[in-house]
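**Student:** Quick one: the structure is below, questions incoming.
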Amino acid sequence: RFDSRVPTTIEAYCVLADAMAGVTKSACAAEFVGTFLLVFTVGCNVLSKNPNWGGLSIACSLMVGIYALGGVSGANFNPAVSISLGVAGKMPDGFKQVAVYSAVQIVAGCCAAAAYCLLFGESFHLGPAEGYVWWQAMLCEMMYTFVLCFVVLNCAASKKIGGKNQFYGLAIGFVIVAGAYGSGAVSGGCFNPAVAIAIDVLSITKGFGWCIIYSVCEIMGALAAVLLFKLVRPEESNESDPPETYSIQSKLAAEMIGTFVLVVTVGMNVLVHSKAAAFSIAASLMVMIYALGDVSGAHFNPAVTLAILCSGRGKTNLKEACQYMAAQVFAGIYAAFFYEVVQNGKTFPLGPGKGFDWGGVAVAEIIYTFVLCF
């Protein structure tokens, strides 16, 4: 028999938005455990040389930690996330809470790094991958730390959908899948100062100092996430309630951000010859849909916008559809310049794959664009 006194599943998950409940022993313990498991999973995957499934493994450890401990501490597990929440005004104890959480996360990360070093009998060095220099790696770290914090703010902390959904942990965790396979091949894919510091401290005999540069750029990504979060959701800058429908400015900003993240992920995966490119690209699309779907509808694709317009369901109009398409194309072009810069001017042509002609391209593109729009 249904008992109205027992919280429903969705009510049970709603505690996340209210879980930034200040600095308590329970919250600090939750941050320690979650960060420890995350960093330990990172180290085990790197040292066991697991390039194909490592990104997914790390993403899943983050996801389950969020679902398990979100109701206790908010499940930050990352100083950049804590900073973004603090700057956005989502921490009840303000920057005191940010400082305490960050300290706990860094200590937990170092303990986890000591554990994986003890398990494997070795450590690994932090720094840009061979063939890349510091600024290329830092662009990648800044980019996907931005995506991580942006998804956290939108899915778990926004006035409109924060604490009112069950997908927040999936969305946040799978940012790692989006970034690990493309940009991870350039920078190592930390996206977290606690991870960077832990790796660098426990490999100090191989050199030390990269964690400082990594952390600074990751924090810059976190601050950019707050800025754009308030741009697409103006109610987050004041005491007003979220609107039923967002302004065209918010919608176009959302379309540009989502399309940019998607196209950068495509380009980075293709240019590093990622074996999990399709998975990574799909994850980038998924997390941005979860983050921005309630703002603009999360089209991120002129074909999708055209399909929605032609459906005749009143979801958009001709003027708005044209604005969406222009924003998407502009963001896509800008994203292509971004990945070209990161890859030392290297890019790739558009055209049929080896052994196929334009007829084959037409069949594939028509069928799977239909599937996407349908």
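**Student:** Per-residue HN-Hα couplings for region 53-67, Karplus 6.51 cos²θ - 1.76 cosθ + 1.60 at θ = phi - 60°, whole Hz, x for Gly and Pro?
**Tutor:** Once θ is set to phi - 60°, the couplings for region 53-67 become 10, x, x, 5, 4, 5, 4, 5, 5, 5, 4, 5, x, 5, 5 Hz.
**Student:** Heavy atoms only, probe 1.4 Å: what % of the accessible area of the chain goes to carbon and sulfur, would you let me know?
**Tutor:** Working: 11500 of 16970 Å².
Percent of accessible area from carbon and sulfur atoms in the chain: 68.
**Student:** Could I ask something else about it? I'd like the distance between the alpha-carbon centres of region 174-252 and region 309-374, rounded to an integer number of Å.
**Tutor:** Cα centroid to Cα centroid, the span is 26 Å.
**Student:** Okay, next question. Counting only heavy atoms of the protein chains, get the accessible area per residue of the chain (1.4 Å probe) and round it to a whole Å² value.
**Tutor:** Heavy-atom accessible area per residue stands at 45 Å².
**Student:** What are the lysines whose alpha-carbon lies under 24 Å from the alpha-carbon of Lys49, with same-chain residues fewer than 8 places away excluded?
**Tutor:** Within the straight-line cut-off, Lys49 pairs with Lys206, Lys275.
**Student:** Quick one: Karplus J couplings for region 339-356, per residue in order, coefficients 6.51, -1.76, 1.60, θ = phi - 60°, nearest Hz, x for Gly and Pro?
**Tutor:** Once θ is set to phi - 60°, the couplings for region 339-356 become 6, 5, 5, 4, 9, 6, x, 7, 9, 8, x, 9, x, x, x, 4, x, 10 Hz.
**Student:** At a temperature of 4 °C and a viscosity of 1.567 mPa s, determine how fast region 163-299 diffuses translationally according to Stokes-Einstein, using the Kirkwood radius over alpha-carbon pairs as Rh; express D in µm²/s, rounded to the nearest whole number.
**Tutor:** 78
**Student:** Let me ask another. Using a Gaussian network model of the chain with C-alpha springs under 10 Å, which one of Ser284, Ser247, Ser183 is most mobile by mean-square fluctuation?
**Tutor:** Ser247
The values are calculated or read from the model by the stated rules, or taken from the named source; none is laboratory data. The structure presented is a predicted model; accordingly, all values stated were derived computationally and were not measured. Only protein heavy atoms, including side chains, enter the accessible area calculation; ligands, DNA and RNA are left aside. Shrake-Rupley method; radii C 1.70, N 1.55, O 1.52, S 1.80 Å.
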